Amino acid sequence: MTDPSPAFTPLTPRQFRAATAAVMMTILLGALDQTIVSVALPSIARQLGGFEWMAWVISGYLIAATVVTPLYGKFSDLFGRRRVLVAAIVIFVLASAACALAQSMPQLVLARVLQGVGGGGLIALPQAVIADVVPVRDRGRYQSYVSVVWVVASLLGPVVGGMLTEQLSWAWIFWINLPLGLLTLTLVETSLRTLPLHRGEARVDGVGALLLLAGLTAALIPITRVGQGGTWLDPFNLAGWALAALLLAGFVRQQRRHPEPIVPMALLANPVVVTCCAMLFLLFFNFIALSVLVPLRVQMVAGLNPADAALHLLPMTLATPVAAFLGGRWLAHTGRVRPPQQVGTVLVPLALLALSLVPATGALATLGLVAVGLGMGLQISTTLITVQQSVPKPMIGTVTGLTGFFRLLGGAIGIAVLSTITLLLLRAQLPAAAGLGRDIAFRQLMQVCALVALPAIWFAYRVPDLRLNEPAAAPAGMVSPE
């Protein structure tokens, strides 16, 4: 297959450093908010009342961020990365203020939904900016820096959230986004003006956008309810999925008719795009679910408290950006994407199978989680780079948003499916001794995760073995600055 590498936008060293700082600050802002809130939820619920709303403070944000991600990708292709990213940051900051001022749990949930609308742009757009400004063979290294920022946010979020809640009040976990957001806004506004903008008639598919938002929301709310302990056959859930099927069918029909579709059907006909999205879906199906189920296993089997149990997730969490960095160096040295992908897809199911054979705690469990993290890290950045290289540059934002959507969708479905399987396995082991029965159930769960990861091996062998070389000239129709 010919390498369709899109040209990047050459910047001076000073411009490049400023753009990099803007990207990393944007990612930190979005990632920190996903981890800083959870630790304050008990205090929020006590003060505002409405404990039954507590889970939706998190879920409302995630659903909103998921459904808008494809729109941000498309809009950034039409109107430019800087303009759309600025809009996302403004929405996020204003919604953060609304969260801090909320006087009831329903008000807070609504504000969090609005915050998720802004947060979806903070997740998707920085990856497209990296594709704009970084030469392709160096892109894996910079994607690994993104992973490092995510890890830092994951580690700092609960600590900062706990300190702010204890020393000041829970509202400060949202107020802190104002100075951080204004700093990010300044960096983005001043440093990303040199990014390319496709000068053409921007015809927004408003009907398609509404159908997509409504259809994905109707699908994700029941999935989230299942992840929170609901049943798959609940009438509300079944009605939601039926409505989602109708709305998304209407969306597909609208995309075939509109001259500027939000998700061009040509993308879904591109085998590289479909394969890479499937790989990311499976990857985050396991990654997000394991982030919940590994600490749960340690609590239920070894009897550790939640804080100590969370520490047992660190081997996987820290190994992921390390592997992403190593994969980036591998890519920069060889120019080949597929070898690290293949190693990663083989390593994950093997490591998960190994975890099903060892105790919940100890050196062997730690090594198993390190191997899982390494396998996942080798896949994340290389898969994104592959899919970005498979489309013309004017569609980079659209395809990046699409991959971000499948990552989030995989995580949401993974939590729902594996939580249900966990409950079924635990119930099946009730006659056994409590500790032994629970251990058997979680070992079986790891085997299920290994089975889920297996198709990625086949997908990785279907990905073309691209040799990444940056072409000399930018495609026609791209001009700079914005």
Check your understanding: With every protein chain in place, what's the accessible area of W330 (1.4 Å probe, Å², nearest 10)?
Key -> 90 Å²
Check your understanding: Which residue, chosen from L62, V263, S147, occupies the Cα position most advanced towards the positive end of the dipole of the chain, where the dipole is computed from +1 (Lys, Arg) and -1 (Asp, Glu) charges on Cβ about the Cα centre?
Key -> V263
Study note, to complete from the structure: Per residue, the convex hull enclosing the Cα atoms of the stretch 278-336 spans a volume in Å³ of 78 Å³
Practice item. Please work out whether the stretch 192-341 counts as rounded, prolate or oblate from its C-alpha gyration tensor, where a ≥ b ≥ c are the square roots of the eigenvalues and a/c under 1.5 means rounded, while otherwise a/b larger than b/c means prolate and anything else oblate? Key: oblate
Check your understanding: Quick one: in the chain, what % of C-alpha pairs are over 29 Å apart?
Key -> 49 percent
Practice item. With a ≥ b ≥ c taken as the square roots of the eigenvalues of the C-alpha gyration tensor of the stretch 118-268, please select rounded if a/c is under 1.5 and otherwise prolate if a/b is larger than b/c or oblate if it is not? Key: oblate
Check your understanding: Of all accessible surface on the chain at a 1.4 Å probe, what whole percent is carbon and sulfur?
Key -> 70 percent
Review point. If you take the square roots of the eigenvalues of the alpha-carbon gyration tensor of the stretch 111-178 and sort them as a ≥ b ≥ c, do you get rounded (a/c under 1.5), prolate (a/b over b/c) or oblate?
Key: oblate
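The values are calculated or read from the model by the stated rules, or taken from the named source; none is laboratory data. This structure is a prediction, so every number in the text was calculated from the model and none was measured. FYI the Cβ positions are ideal-geometry reconstructions off the backbone, even for glycines, and counts take in every protein chain you see. Side chains are part of the model used for accessible areas, which takes the heavy atoms of the whole protein and leaves out ligands, DNA and RNA. Shrake-Rupley method; radii C 1.70, N 1.55, O 1.52, S 1.80 Å.
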